[in-house]
Amino acid sequence: MMNEQNGADPRQMMARQPMRWQQILAIAICVALNALDGFDVLSISFASPGIAKEWSVNRAMLGPVLSFELVGMALGSILLGQVADRIGRRTTVLGCLVTMALGMGATSFVTSIPELGLTRVATGLGIGGMLAVTNALVAEYANDRWRSAAVTVMAAGYPMGAIAGGSIASAMLATHGWRDVFLLGMGMTVVLLPFVAIFLPEPVSAVLLRRDAGTLGRLNHSLRKLGHGAVSALPPQTEAPRKTTLADLFAPDLRRLTVMLTIAYFMHILTFYFILKWVPKVVADMGFTPSAAGGVLVWANVGGLVGGLVFAALSSALPLRKLIVSAMLASVVTVTWFGQPHDGLHALAWAAAIGGFCTNAGVVGLYALVASSFPTATRAGGTGFVIGVGRGGAALGPVIGGLLFQAGFTLPLVAAIMACGALVAALSLTVGPRGAADPLPA
């Protein structure tokens, strides 16, 4: 049993003391949640060749199909990020998991494009809320020394899920139908529910935002769950409690930072999701089987995982903003290169992997940047807003790509056009505001 710590500020305890194994476990569960998001988002990509064949969907129509859950993700990130700041991170995560399980299960029974759209938007609501909240959770579970590394590892969980789930899905597609991909996603979601319920407490800093007669009890419950000793009294309240709103993100001290991060995320994620969403269909249209096309997408995510981990290692030694800009500029080159003619499936897989390496490194860097840019009171809401609005870029990426293909543009030209999103994102960070309100390292 942990000793009671009289007079200690629990926020300082969490920030300065060494990481406990319970904190590491909580962060690992958040990595698993992000991995689940990674598979759930890309499940429609693995299923897209089968959907297009069964329902005779052309490329122009397939773009919106690939973007249905991204619309839900945008709404979920913005709305549920705000909800999490008010009702609690843990409660929001549990609600998101239930929503995702129901949405994935329902998708396996749809019989038309409109029904598919409804179930994928619903699933996206849960995924979007999860992305916003897990980013905030990891930042609040980690101490000061390991916070940036923990957030980057959490972001690397996204391609982990796409690799693990995608490998299973690709094997399934050789003998099963596209609906089984969504049943797999539902099963993985249900498995994670008890782990969240048992091992993820409300973060200490979030508990202290909403004070009432039971706050001390909830605070000590969270401290014990995270391996720290209880306290005998609440620390002084540094600011008056109030409900956070979207307007807070556009207050003078945060306005320019919010706009810059949102533009950067929006434009880079447009490029990122173009390559992730269109890889299976592009490869299948070259004459390869849906299973082989899914395998190329798995390799894109292998590259993304390695890129995220390499970025995490480099971020401890190099300036974060310059590292992100470098990854974005490399994304412009590699996504353009992916669109060039390649000799066989092996070469396509390598091109997809290198494109995934660079684009996901940029995404991981943006997550780390956003998590450290907003104060505790607006962290989930701020993260949700940036990711939510940015998901507009995610939704547009596949749609614009589909329209360009349908208009007769060749793959090399479409890839070059879509790569320009990462270029605009890099310019946004390069010319963005600096000063006391901008915590970006020089």
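In the stretch 246-265, the condition of being touching a residue at least 24 places away in the same chain (Cβ under 8 Å), closer than 21 Å to Thr334 by Cβ and surrounded by fewer than 24 Cβ atoms within 10 Å (Cβ to Cβ) is met by no residue.
Each residue in the stretch 136-149 was checked for being open to solvent by less than 10 Å² (accessible area, probe 1.4 Å) and either in a helix (DSSP H, G or I) or in contact with a strand residue (DSSP E or B) (Cβ under 6 Å, 6 or more places away or on another chain) (or both), and 5 pass. Here Thr107 fulfils each of the conditions (1) surrounded by fewer than 23 Cβ atoms within 10 Å (Cβ to Cβ); (2) touching a residue at least 12 places away in the same chain (Cβ under 8 Å); (3) not small (Gly, Ala, Ser) apart from (1).
Within the stretch 303-335, which residues are open to solvent by 40 Å² or more (accessible area, probe 1.4 Å) and out of contact with any Phe, Trp or Tyr (no Cβ under 7 Å at 6 or more places or on another chain)? Leu309, Val310, Ala313, Leu314, Ser316, Ala317, Leu318, Pro319, Lys322, Ser326, Leu329, Val333, listed by residue number. Residue pairs whose Cβ atoms lie under 6 Å apart, sitting 6 or more positions apart in sequence or on different chains, and linking a residue in the stretch 211-239 that is under 20 Å from Ile198 (Cα atoms) and part of a loop (DSSP other than H, G, I, E, B) to a partner that is of a type in the set (Lys, Arg) and open to solvent by 10 Å² or more (accessible area, probe 1.4 Å), are Gly227/Arg20.
For the stretch 45-81: of the residues being among the polar types (S, T, N, Q) and crowded, with 24+ Cβ neighbours inside 10 Å, which is nearest to the chain's Cα centre (by Cα)?
Our first condition is that a residue be among the polar types (S, T, N, Q); within the stretch 45-81, this holds for 45, 48, 56, 58, 67, 77.
Checking which are crowded, with 24+ Cβ neighbours inside 10 Å leaves us with 45, 48, 67, 77.
On the way: Ser45: 16, Ser48: 21, Ser67: 15, Ser77: 10 Å.
Here the answer is Ser77.
Could you tell me whether the stretch 268-288 includes any residue that is at pLDDT 85 or above, touching a helix residue (DSSP H, G or I) at 6+ places or on another chain (Cβ under 8 Å), open to solvent by 60 Å² or more (accessible area, probe 1.4 Å) and part of a helix (DSSP H, G or I)? No: zero hits. Residue check: Gly177 meets all listed conditions (1) crowded, with 18+ Cβ neighbours inside 10 Å; (2) at pLDDT below 90 but one, namely (1). Filtered by the rule that a residue be surrounded by fewer than 21 Cβ atoms within 10 Å (Cβ to Cβ) and touching a residue at least 24 places away in the same chain (Cβ under 8 Å), the stretch 164-174 gives Ala164, Ser167, Ala171, Ala174. When each of Val153, Val133 is tested for being open to solvent by 10 Å² or more (accessible area, probe 1.4 Å), closer than 21 Å to Ala15 by Cα and either at pLDDT below 90 or not in a helix (DSSP H, G or I) (or both), the lone residue that passes is Val153. When the criteria are applied in full, Gly161 fails the requirement of being out of contact with any Pro (no Cβ under 9 Å at 6 or more places or on another chain), under 16 Å from Leu366 (Cβ atoms) and in a helix (DSSP H, G or I).
The values are calculated or read from the model by the stated rules, or taken from the named source; none is laboratory data. All values derive from a computational prediction rather than experimental measurement. Heads up, the Cβs are rebuilt from the backbone with ideal geometry, glycines too, and the neighbour counts pull from every protein chain shown. Accessible surface areas use protein heavy atoms only, side chains included; no ligands, DNA or RNA. Shrake-Rupley method; radii C 1.70, N 1.55, O 1.52, S 1.80 Å.
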